[in-house]
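First comes the structure, then the notes that go with it.
The values are calculated or read from the model by the stated rules, or taken from the named source; none is laboratory data. What you see is a predicted model; the values in this text were computed from it and never measured. Positions of Cβ are backbone-derived with ideal geometry, glycine not excepted, and every protein chain shown enters the neighbour counts. For accessibility, only protein heavy atoms count, side chains too; no ligands or nucleic acids. Shrake-Rupley method; radii C 1.70, N 1.55, O 1.52, S 1.80 Å.
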Amino acid sequence: MKLQKLLSYVRRAVDDYNMIKDGDRIAVGISGGKDSLTLLLALKSLQRFYPEKFELEAITISLGFDNFDLEAVKKMCDEIGVRYTVQDTYIGQIIFQERKEKNPCSLCSKMRKAALYDVAKKLGCNKIALGHNKDDVIQTLLLSMFYEGRIHTFSPVTHLEDINLHSIRPLIYAPEKEVISFSRKYGLPVVKSPCPADGKTKREDMKIFIKQLRKQYDHFDSRMFGAIQRSFIDGWNIERKTP
């Protein structure tokens, strides 16, 4: 995928859900993975011509694992002119050594987000940009149905009232396979996750299940995503600028 196509996905999502307003200071959560790095590059490129002027910060919440080398990510941020902040934490130790969580992802996600929000506020940001793609939207819906017994997925825009921050997800229209293509084409410095649970989660199981559904049902992704947009799932049932 070329940058122009990526920007078309991001620009449409930003416009459809009014994600960015003039004067915003946006913190991009950088995990080191393909999605967050793609998002950072997309927003930096969008910044050059988008009519609403905004500023960017890049933030990584380090969980405290060994073998998590971010030098290449730092170099990328320097080259594109975005300040990069790495916040060290003991989240990994708490999750895996102290609590010995059997299902660590939920608690880890909450702790990482809390740390990210705290750093973003200290840097004067009013919005957090997260790198969830189109596949993530569908996976989260099915995970919620199968494991929680409810119809839910994350919203394009969420207002975190208690800390007065908004989270936005500008990659929601970009299929994962195209994000992978983009990251490879532009040589993004993807850092492999050192988390012991990486590749062994319920989300990974859901990815395999969805691959099977795609073989059985034509246009599975577009129909699932369209159903989400037309539903009354919180945050999605707003009047968009384009159909």
Is there a residue being surrounded by 12 or more Cβ atoms within 10 Å (Cβ to Cβ) and in contact with a Ser or Thr (Cβ under 8 Å, 6 or more places away or on another chain) anywhere in region 209-229? yes
So, of the residues in region 141-150 that are within 16 Å of residue 231 (Cα to Cα), without any contact (Cβ under 8 Å) to a residue 24 or more places away in the chain and in a helix (DSSP H, G or I), which turns out to be least open to solvent (accessible area, probe 1.4 Å)? 144
Going through (1) touching a residue at least 40 places away in the same chain (Cβ under 8 Å); (2) under 20 Å from residue 30 (Cα atoms) one by one, residue 163 fails only at (2)
Determine whether region 109-131 contains at least one residue that is within 30 Å of residue 231 (Cβ to Cβ) and of a type in the set (Asp, Glu). no
Hits in region 33-68 - residues which are at pLDDT 95 or above, buried (at least 19 other Cβ atoms within 10 Å of the Cβ) and either assigned to a loop (DSSP other than H, G, I, E, B) or of a type in the set (Asp, Glu) (or both): 35, 57
So in region 174-189, with the set limited to residues that are outside any helix (DSSP H, G or I) and closer than 27 Å to residue 17 by Cβ, which one is most open to solvent (accessible area, probe 1.4 Å)? 186
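Residue under question is residue 131, and the condition is that it be part of a loop (DSSP other than H, G, I, E, B), of a type in the set (Gly, Ala, Ser), more than 18 Å from the chain's Cα centre (by Cα) and under 19 Å from residue 54 (Cα atoms); does it hold? Working first, answer last.
Working: part of a loop (DSSP other than H, G, I, E, B): yes; of a type in the set (Gly, Ala, Ser): yes; more than 18 Å from the chain's Cα centre (by Cα): no; under 19 Å from residue 54 (Cα atoms): yes.
Answer is no for this residue.
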Can you confirm whether region 151-173 contains a residue that is more than 17 Å from the chain's Cα centre (by Cα), open to solvent by 70 Å² or more (accessible area, probe 1.4 Å) and modelled with pLDDT of 95 or more? no
If you go through region 103-119 one residue at a time, do you hit one that is under 30 Å from residue 22 (Cα atoms), open to solvent by 90 Å² or more (accessible area, probe 1.4 Å) and either without any contact (Cβ under 8 Å) to a residue 24 or more places away in the chain or part of a helix (DSSP H, G or I) (or both)? yes
Please verify whether region 72-91 includes one or more residues that are open to solvent by less than 20 Å² (accessible area, probe 1.4 Å), small (Gly, Ala, Ser) and either touching a residue at least 24 places away in the same chain (Cβ under 8 Å) or not in a helix (DSSP H, G or I) (or both). no
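Could you tell me whether region 125-133 includes any residue that is more than 24 Å from residue 179 (Cα to Cα) and surrounded by fewer than 19 Cβ atoms within 10 Å (Cβ to Cβ)?
Within region 125-133, the subset more than 24 Å from residue 179 (Cα to Cα) is 125-126.
Subsequent filtering for residues that are surrounded by fewer than 19 Cβ atoms within 10 Å (Cβ to Cβ) retains 126.
Yes: region 125-133 contains one or more residues that are more than 24 Å from residue 179 (Cα to Cα) and surrounded by fewer than 19 Cβ atoms within 10 Å (Cβ to Cβ).
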If I ask for residues that are within 27 Å of residue 71 (Cα to Cα), surrounded by fewer than 21 Cβ atoms within 10 Å (Cβ to Cβ) and not basic (Lys, Arg), which ones from region 5-31 would you list? 7, 31
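Would you mention how many residues in region 197-213 are among the basic types (Lys, Arg) and part of a loop (DSSP other than H, G, I, E, B)? Step through it out loud before you land on a result.
Filtering region 197-213 down to residues among the basic types (Lys, Arg) leaves 200, 202-203, 207, 211.
Restricting the remaining residues to those that are part of a loop (DSSP other than H, G, I, E, B) gives 200.
Total meeting the criteria: 1.
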